[in-house]
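For reference, the structure is listed below as structure tokens.
The values are calculated or read from the model by the stated rules, or taken from the named source; none is laboratory data. Quick caveat, the model's predicted, so the values are computed rather than measured. With ideal geometry, Cβ positions are generated from the backbone for all residues, glycine too; neighbour counts draw on all protein chains shown.
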């Protein structure tokens, strides 16, 4: 039901140019699909380069980007596959543009090698994964949460990744902006791990005034200073941008502070130490979580994405049934908020972790919890029924 | 390069010679008026029941959808980029089993069935490898000139001027500004045994081409013009009419390449203006009327004229 004052936005809705000199949508209340909200957020965050390849259920992001990015002086280009999409982002990133793509499971798999390249070359970029049921082609049109571990461990070698998991259209919008800011600050690829329900759902969306939105820009290396382009002694180092007079070798090989490849063990140690450490040392600044009825909770539900919506309904139902249940919603599954889990696990009797997969985020929860942890797992292809979670709470509470 | 079909030794003299057997049954979940479906139906009639199909993501992945599974042949569904590579495994796997006497030679034919997204874009690398290795297989590309299955996004098979969901018509854009990739020449450069374009409005021509190919070993490749009423926004009942217009206006040349020698199997002598063809589809509607793009129309016509001039008929 649409309320007065709400504006419906479709893939081909163009902006009212009179009122939006910045290119962002006018502040106000909209009725919008999650995938469209993601595009509007990217534009607000200053993203002007999109390289995409169609894949259900993320295609609406690409389709709207093809209309909106040219309107704001940006570019949305269709590549020949997802390998190419991800590689184009790294090129655009090193040319100084904020860059993004959106995909789903099979495309995310194809991007894995380039994700490793973006990580080792410290190229900020944003990849949105609107998760569907897998493995392989799975069920393209239905929800899944099976790529959570892939976002953490999918690319070979030691990586530390950053991922956000939205539970509503509004949060898909907000976290897309946050993802760009985090990518710019940490100079690393950042994932927005949405799912089919969040991506294709239509909900009310409040678009803020652009003046009220924090937008971070990466620090850029001054070509004249001849600074170390990969200074491993500092966590946040200015990025050399090609075309500014910086002669820079951006290499996928293990490289030293100058960017030159090296087989020296000390170089390997310092580079990996830097790449992992810049995220690990600042993990607490990245963590986001949300609590519901945590203060007196005895049984804790830990959930994320669309499953957190089922979990919220389940916690309310369990409370009505006399169980002191609470919900801890993980907004940043990666880096994993281990200290948060440990802290809350000391206050409760049990933790249940509902997921639309056969056990992924439950593992780091179990690794860090000081109480029993029970996974509630369901095959992808349908939302988690709240009663499934209530039943589990009944069992653990009694 | 005149047609020399009258001298061909063929079982297909007229449409009445079309095999009665059906390997693609009615009741598939494909859209009404799908041109590609007719092409596959005819291809399977020519290739017969011992055809093993390798499918990849695309519209015809839907042929497997139970209870609407309308294809009677065995089918392996491979990743988007990997159809011809999966076919390599099947062909070699069967050969090895036969050599080991673990299997009686099944006399099978392996048919890779993909849309233009896989053929022109993501799967081009795997196809290049398979043809280069001389893999004994068939490849049928149903070319509906965009990613039909995901909502009609642009592919490198999309013709100039076509609107798609990623090349929308806006104030600053008249649809796709790029030219259609010439897959025929790309594949031909790999020197396959047999290569042909086909159109369902010329079913006898199509059956003969499959017949001719099946007498050869090596890579046998087909690009089928495939009207897509959903994406092209055309009338489903006009599919064959539109297909015929594409052939007669010269937009879709019917030709074959045998060991590198190209022959046009049908030459449209009159060639009506391309507008007659373009006007049947709303994906081109912005080219006509008061705000239309005369320039784009002329460019499309010029490309067609230039093609037929270049082959010097």
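Note on the range B:180-296: enclosed helices (runs of 4 or more DSSP H) holding 1 or more residues that are at pLDDT 95 or above and closer than 14 Å to residue B:39 by Cβ are B:203-213, B:239-248. Residue A:296 fulfils the conditions (1) at pLDDT 95 or above; (2) farther than 26 Å from residue A:153 by Cα; (3) out of contact with any strand residue (DSSP E or B) (no Cβ under 7 Å at 6 or more places or on another chain); (4) part of a helix (DSSP H, G or I) except for a single criterion, (4). With respect to the conditions (1) over 21 Å from residue A:110 (Cβ atoms); (2) within 14 Å of another protein chain (Cβ to nearest Cβ); (3) surrounded by 23 or more Cβ atoms within 10 Å (Cβ to Cβ), residue A:166 falls short on a single one, namely (2).
The residue that is modelled with the lowest pLDDT, among those in the range A:259-268 that are surrounded by 14 or more Cβ atoms within 10 Å (Cβ to Cβ) and either in the same structural domain as residue A:94 (by TED's automatic domain parsing) or assigned to a loop (DSSP other than H, G, I, E, B) (or both), is A:259.
Checked against the criterion of being closer than 27 Å to residue A:52 by Cβ and either modelled with pLDDT of 95 or more or touching a helix residue (DSSP H, G or I) at 6+ places or on another chain (Cβ under 7 Å) (or both), the range B:91-105 has no qualifying residue. Just one of the listed residues (B:124, B:140, B:135) is under 29 Å from residue B:234 (Cα atoms) and in contact with a helix residue (DSSP H, G or I) (Cβ under 6 Å, 6 or more places away or on another chain), and it is B:140. In summary, helices (runs of 4 or more DSSP H) completely within the range A:1-118 and bearing 2 or more residues that are at the interface with another protein chain (Cβ under 10 Å from one of its Cβ atoms) occur at A:59-71, A:82-94, A:105-110. Among the conditions (1) free of Cβ contacts under 8 Å to residues at least 40 places away in the same chain; (2) outside the structural domain of residue A:367 (by TED's automatic domain parsing), residue A:274 misses just one, which is (1). Criterion applied to B:161, B:151, B:218 was being more than 30 Å from residue B:107 (Cβ to Cβ), more than 13 Å from every other protein chain (Cβ to nearest Cβ) and surrounded by fewer than 24 Cβ atoms within 10 Å (Cβ to Cβ), and the one residue passing it is B:161. Flag set for residue A:73, criterion: modelled with pLDDT under 95 and over 30 Å from residue A:381 (Cβ atoms). Yes or no: the range A:357-374 includes at least one residue that is at pLDDT 95 or above, in a strand (DSSP E or B) and not assigned by TED's automatic domain parsing to the domain that holds residue A:162. The answer is yes; a qualifying residue exists.
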